[in-house]
């Protein structure tokens, strides 16, 4: 009996350590400590057979040379997703939404619409000698190893596979214009509060307006923690 209790205690301790490790992976102020560290994912079984390990972290999104300048993201190392997309619409919406995702939202969707492999980059590091891309898509991760919530404490992988139907998601590529709807807070120098807007006019709401892909300390990768709807109320007056 004592031996069984000791075994249970040891098992719980090991599981606890694993939970701590996963929690540290889920949150952090640097991308290496978040789920956007795809190199860490690529080295863990069974994902080590589904995503290629390029030996670097940043390369899954960025490259210093020969970048994809068609996407509004710095030194972008992925192709643009092709869609086509179904955009959000509502009879109560007064601001204008583009017919398809624009700018930095395309960078996010290049993984999160499930159409491109997570390791489908344009330029591999010089030290990497294998072939590029062809591995798992986020839809595989969401339906396979991480269906529902992960051991890290409620991180819903199913929810990050957005697909191409964006009609049930917060609108992106929306021109923020309070003259069309006064129930929104003012845009000042390309920001609403601390939230950045994008595009040439710095007035486009995109995925990156609410999410910071490099910092998951306010999950899920939020720029403002949404306690008491603080994130929502940054833009919305009510």
By residue number, the members of the stretch 61-100 that are touching a residue at least 60 places away in the same chain (Cβ under 8 Å) and not in a loop (DSSP other than H, G, I, E, B) are 86, 96, 97
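Looking at the structure I just gave you, is residue 152 closer than 17 Å to residue 37 by Cβ, assigned to a loop (DSSP other than H, G, I, E, B), modelled with pLDDT under 95 and in contact with a helix residue (DSSP H, G or I) (Cβ under 8 Å, 6 or more places away or on another chain)? Break it down stepwise before answering.
Working: closer than 17 Å to residue 37 by Cβ: yes; assigned to a loop (DSSP other than H, G, I, E, B): yes; modelled with pLDDT under 95: yes; in contact with a helix residue (DSSP H, G or I) (Cβ under 8 Å, 6 or more places away or on another chain): yes.
Yes: the conditions hold for residue 152.
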Against the definition (in contact with a strand residue (DSSP E or B) (Cβ under 9 Å, 6 or more places away or on another chain) and modelled with pLDDT of 90 or more), how does residue 130 come out, yes or no? no
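Is at least one residue of the stretch 110-128 without any contact (Cβ under 8 Å) to a residue 12 or more places away in the chain and either more than 18 Å from residue 161 (Cα to Cα) or crowded, with 18+ Cβ neighbours inside 10 Å (or both)? Give the steps one after another, and end with the answer.
In the first step, residues of the stretch 110-128 are kept if they are without any contact (Cβ under 8 Å) to a residue 12 or more places away in the chain; the result is 126.
After this cut, where a residue has to be either more than 18 Å from residue 161 (Cα to Cα) or crowded, with 18+ Cβ neighbours inside 10 Å (or both) as well, the list is 126.
Yes: one or more hits.
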Filtering the stretch 171-220 down to residues that are closer than 24 Å to residue 91 by Cα, in a strand (DSSP E or B) and free of Cβ contacts under 8 Å to residues at least 12 places away in the same chain yields none
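The values are calculated or read from the model by the stated rules, or taken from the named source; none is laboratory data. Remember, it's a predicted structure, so these values are computed and weren't measured experimentally. Here the Cβ is made from the backbone with ideal geometry for all residues, glycine too, and neighbour counts use every protein chain on show.
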